[in-house]
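Working notes for the structure below.
Quick note: the coordinates plus some simple rules give every number you see, no bench work behind them. Please read these numbers as outputs of a predicted model, since none were measured by experiment. Glycine gets a Cβ as well: all are built from the backbone with ideal geometry, and neighbour counts include every protein chain shown.
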Amino acid sequence: MDLAGTWAVSFPLLIVDRETVKLQRDLRQIYNELRLGGLLTAYAYFLGNRAITDTYTRLLQLLQTYFSRHDLPLPPETKELQNAKTNAQNKWRQLVDDFVTSSSAVSVSYWFTHRGLLTRTNLIAQDFVYDQTNVVMVDVAYQTQAYALHWISEDDERVCPVCQRYAEGGNHGYYLLNWYMPAAFPPVHPNCRCRIEILYQN
Ligand SMILES: [Zn+2]
């Protein structure tokens, strides 16, 4: 495949990290309140939905910038992205419900201990932010008739073989839209830090 004349849109890692930290902090607060007998499920829904809306707004701003830089109009469908948004909100509700249930459960498993649950708040938030970011990138790629997707894994020795295979699969990590797609999208396992980049042709 030809990469000449292509340009890429990637979601800034800085924002992904900032959203992750925000959700981790909020979930930790919810967990602490739960231990004190509080009931903050509705608040947790709200926080997650706010994070989702923030992410979508930023992504649309980003696309707008890239598209106008290349003298292209932003396809009108991208302004909605309602399906992806609703899916993300449902997913978040499910995560919170599971989390609240397990937080109040009495169990001997490490993951239900105080320390285990705190670790889980961090993992849940991180996986969720990476997941929704990548889902939206793939969704946007289809709606804007992109050229290809680029699978980027962290370039360090902690990368697992599965992610490495995806990042080297397709055409050296590039997947032509509607031609060959990876069998799954990141995160492919807990704590997966892979990201999807969208490629457009001039
Ligand atoms: Zn990964």
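Fully extending the segment from residue 10 to residue 94 would add 27.5 nm, taking 0.36 nm per residue of separation and subtracting the current Cα-Cα distance.
Its DSSP H runs of at least 4 residues, each contributing -39,500 (n - 2.57), put the calculated 222 nm mean residue ellipticity of the chain at -20500 deg cm²/dmol, to the nearest 500. Given 23, 144, 70, which one lies farthest toward the positive end of the charge dipole of the chain, if we put +1 on the Cβ of every Lys and Arg and -1 on the Cβ of every Asp and Glu? It is 23, whose Cα lies furthest towards the positive end. So what's the angle, to the nearest 10 degrees on a 0 to 90 scale, between helix 41-69 and the longest Cα principal axis of the chain? It is inclined by approximately 10 degrees.
Under unit Cβ charges (Lys, Arg +1; Asp, Glu -1), what dipole magnitude, rounded to 20 debye, does the chain have relative to its Cα centre?
On the way: 18 positive and 20 negative charges, 131 e Å.
It comes to approximately 620 debye.
Rounded to the nearest 10 degrees, the angle from helix 114-143 to the longest Cα principal axis of the chain is 20 degrees.
Rounded to the nearest 10 degrees, the angle from helix 161-172 to the longest Cα principal axis of the chain is 20 degrees.
You can think of it this way: the chain between residue 165 and residue 28 has 45.9 nm of extra reach, that is 0.36 nm per residue less the Cα-Cα gap.
Could you compute the FRET efficiency for residue 155 and residue 181, with r as their C-beta to C-beta distance and R0 at 30 Å, rounded to 0.05? Show your work: numbers first, answer last.
Working: r = 23 Å, r/R0 = 0.76.
E(calc), rounded to 0.05, equals 0.85.
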